[in-house]
Amino acid sequence: MNTTEKQIKIVLIDDHKLFREGVKRILDFEPSFDVVAEGDDGSVASKLVKENEPDVVLMDINMPNMNGVQATADLVRYFPNTSVIILSIHDDESYVTHALKTGAQGYLLKEMDSDALIEAIKVVTEGGSYLHPKVTHNLVLEYRRLAKENNSNITESGIEYRKPLHLLTKRECQVLQLLADGKSNRAVAETLYISEKTVKNHVSNILQKMNVNDRTQAVVSAIRKGWVEVL
């Protein structure tokens, strides 16, 4: 283990032992991660966080006694320095919105791959937010539907929208569009025939130029301004 690398302390809470063990195995392969405690219900979340002072809690959304959203609300209130990432099988925007309003900084579907899990933990540890690409896409679609309903007069007025070439490079515009399509960094890299590291650099530049904190905010802002298309 590289002792000079900052260790990210993680608490894992999920009532399905087999799933929990699988996630822990993935995390154990990452040198900078340290799973300091595990639990099987939201009711133990506060106790485990108080005892272990983790950087991140991976929280199942559906548990028998106290669900993940309720437990997240407690953690956000009493342990503001600990970030919560929700683990869920639900990609419905109502679940996602409720979890984010409660204070979760991430929302991952349990169909995630290991790269997404690792990236999410690192992003929220640095103060950002992370949503599973499929979840982001569904939120964007819902936002666009509501925007059409609330701004039908504007949509029909023939206002011309332009890509933000005054702000972003052509390549950054392409990356922004692919983010709006719900693609992960890996999928963007494969589509544009560039490396994932290059994609991450483009995303970082986009966030900085658009003055937003994460990719979800960037996509929502881009849709509102007519910079991307969502089918």
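The values are calculated or read from the model by the stated rules, or taken from the named source; none is laboratory data. If you're wondering where the values come from, they're calculated on a predicted model, not measured in any experiment. Cβ: placed from backbone, ideal geometry, glycine included. Neighbour counts: every protein chain shown. Quick note on the areas: whole protein, heavy atoms, side chains included, nothing else; ligands and nucleic acids left out. Shrake-Rupley method; radii C 1.70, N 1.55, O 1.52, S 1.80 Å.
For the stretch 36-49, enumerate the residues that are under 13 Å from G68 (Cβ atoms) and open to solvent by 60 Å² or more (accessible area, probe 1.4 Å). The answer is D40, S43.
Looking at the stretch 188-216 only, could you name the residues that are touching a residue at least 24 places away in the same chain (Cβ under 8 Å) and over 16 Å from A120 (Cα atoms)?
Pass one, the stretch 188-216, residues touching a residue at least 24 places away in the same chain (Cβ under 8 Å): 199, 202-203, 205-206, 209-210, 213-216.
Hits for the stretch 188-216 are H202, N205, I206, K209, M210.
The requirement of being under 15 Å from V135 (Cβ atoms) and surrounded by fewer than 22 Cβ atoms within 10 Å (Cβ to Cβ) is not satisfied by A99.
Scanning the stretch 1-35 for residues that are open to solvent by 20 Å² or more (accessible area, probe 1.4 Å) and in contact with a Pro (Cβ under 6 Å, 6 or more places away or on another chain), we see that the one that is modelled with the highest pLDDT is K9.
If you filter the stretch 52-75 down to residues that are open to solvent by 50 Å² or more (accessible area, probe 1.4 Å) and assigned to a helix (DSSP H, G or I), you find that the one that is nearest to H98 (Cα to Cα) is Q70.
Quick check on the stretch 184-195. Is at least one of its residues hydrophobic (A, V, I, L, M, F, W, C), modelled with pLDDT under 90, open to solvent by less than 60 Å² (accessible area, probe 1.4 Å) and outside any helix (DSSP H, G or I)? There is no residue in the stretch 184-195 that is hydrophobic (A, V, I, L, M, F, W, C), modelled with pLDDT under 90, open to solvent by less than 60 Å² (accessible area, probe 1.4 Å) and outside any helix (DSSP H, G or I).
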